[in-house]
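First up is the structure itself, then whatever we jot down about it.
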Amino acid sequence: MDDYFYQSLLLSVLAVALLQLLKLAMAAPRAPRRPLPPGPWKLPVIGSMHHLVNVLPHRALRDLAAAHGPLMMLQLGQTPLVVASSRETARAVLKTHDTNFATRPKLLAGEIVGYEWADILFSPSGDYWRKLRQLCAAEILSPKRVLSFRHIREDEVMLRVEEIRATGPSTPVNLSVLFHTLTNSIVSRATFGKKRKNAPEFLAATKAVVGLSSGFNIPDLFPTWTNLLASVTGMTRSLRSIHKTVDTILEEIIEERRAIRAEKIRGGAAAENAEENLVDVLIALQERGGFGFDLSNSVIKAIILDMFAGGTGTSGSAMEWAMSELMRNPAVMRKLQAEIREAFRGKAAVTEGDLQASNLRYLKLVIKEALRLHPPAPLLVPRESIDECELEGYTIPARSRVLINAWAIGRDPRYWNDAEEFKPERFEDGSVDFTGGSYEFVPFGSGRRMCPGFNYGLASMELGLAGLLHHFDWSLPEGVEEVDMGEAPGLGVRRRSPLMLCATPFDPVAASN
């Protein structure tokens, strides 16, 4: 876990110990219960939290599951944490009991920065969330809307191609920075219409709130004393500062786009022709109304925040890992480049139209395999049980937090031959996909809470990788023998070190003559 975790733990444990002891002393005896899922040993007050200190959580939970079973329970402070680490237990949570696990824990970050859980990601299950999901699926995250921003993706990929070309073949390119800059620029332009001067400030605030939305922060693990502990640890102050930054920037953008839209309509433009970006789309939807809930400015801001939180770092990280695996597997790299260069023979640029027409089958297999080994969210966004239920023969108490260890399931040798090896061909028969029906492969989740915007990320991944592999041959810098595959601390599974590679330009036009 990060430094914030350690500081919060030290500041909180004494206060919590006293309050917890007082509560236990006053509690009435409880009736015997059916068995809870097994789990690791616990300490007073903090429970199982010490098992997740100074480790990579997805790996530590995989190792604990090997000892305690694919459905286990940890006690994190006051919060029961149920972890599903197999295809069968994932199916039980995501399909069999999906209705009972369709809500989210009310984390403090969602309240303060997320406009009181108004976004689609952390909104509690209920009528508002269902209507918001329907609106997003039909108007904001639809395939048609993804396609409408293809020119932005094409522009941004070609800008990176020219940037790499200008670097020269002997100077290493920091692909970690490049991929994240690419995805940030794509989402910024699609959402706001242009790259804004305060974009770095907004992105930094978004990154900070993602870190504070993990559910592993001390105040979120002690619901009875969340406000007190958030005040003691400084979490409330940090979240309010982030909210002020985010809200000020988004309010400015909304009012600016509202004025531009009104001016266009006064000038005779049809309402639909005044929609250039997602903020314009949301303003138009707000004016139209009739969705069964108030699409207020706060809801618009919460939706935009979701777009950045879910569509920037995750896509960039996925491309980093895909390129890392290709460098470690030269036979796969050669096969993929051959497919791409044959499909785009003689073309000076890769466009999405060409990409769809050529149907690069092996590229899709490579992306699937990269997502299997390196899912963008190794621990899927936490769910919460609405009522007590029975799962795999165990009792899951109401209000238990539930995690799916997608990373562990994707590497489980019970479902995958040579599970740790990068073999895109394993997906050739098409029987396993990431659309939510194959529970051994859930990089985007499944069921009611499946990631609604994964098509946005996949579009950027396909075009970005195709462009870089079409235009360049890649090699390790001089003196580097192999790619470091170490993971950085935290919940996002970023690379521990930047991916530095040398790019030798390939001229597709000259090669076709």
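The values are calculated or read from the model by the stated rules, or taken from the named source; none is laboratory data. Just so we're clear, the structure is a prediction, and the values are computed from it rather than from any experiment. Here the Cβ is made from the backbone with ideal geometry for all residues, glycine too, and neighbour counts use every protein chain on show.
Quick notes on this one:
- Only listed residue being in contact (Cβ under 8 Å) with a residue 12 or more places away in the chain and among the charged types (D, E, K, R), chosen from LYS131, LYS195: LYS131
- Test: residue in segment 462-476 that is assigned to a loop (DSSP other than H, G, I, E, B) and touching a helix residue (DSSP H, G or I) at 6+ places or on another chain (Cβ under 9 Å): yes
- Scanning segment 69-105 for residues that are within 15 Å of THR395 (Cβ to Cβ) and in a loop (DSSP other than H, G, I, E, B) yields GLY69, HIS97, ASN100, PHE101.
- Every pair of residues 6+ apart whose Cβ atoms lie under 7 Å, when the first sits in segment 381-407 and is within 12 Å of LEU71 (Cβ to Cβ) while the second is of a type outside the set (Gly, Ala, Ser) and surrounded by fewer than 16 Cβ atoms within 10 Å (Cβ to Cβ): TYR394/PRO35; THR395/ARG33; THR395/ARG34; THR395/PRO35; THR395/GLU388; ILE396/GLU388
To keep it simple, each residue is scored yes or no on (1) at pLDDT 55 or above; (2) aliphatic (A, V, I, L, M); (3) touching a His at 6+ places or on another chain (Cβ under 7 Å); (4) surrounded by fewer than 19 Cβ atoms within 10 Å (Cβ to Cβ).
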{"residue": "LEU9", "(1), (2), (3), (4)": "no, yes, no, no"}
{"residue": "SER12", "(1), (2), (3), (4)": "yes, no, no, no"}
{"residue": "TRP41", "(1), (2), (3), (4)": "yes, no, no, yes"}
{"residue": "PRO44", "(1), (2), (3), (4)": "yes, no, no, yes"}
{"residue": "GLY47", "(1), (2), (3), (4)": "yes, no, no, no"}
{"residue": "HIS51", "(1), (2), (3), (4)": "yes, no, no, no"}
{"residue": "HIS68", "(1), (2), (3), (4)": "yes, no, no, yes"}
{"residue": "MET72", "(1), (2), (3), (4)": "yes, yes, no, no"}
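- The listed residue being farther than 26 Å from LEU469 by Cβ, touching a helix residue (DSSP H, G or I) at 6+ places or on another chain (Cβ under 7 Å) and aromatic (Phe, Trp, Tyr), out of TYR394, TYR415: TYR415
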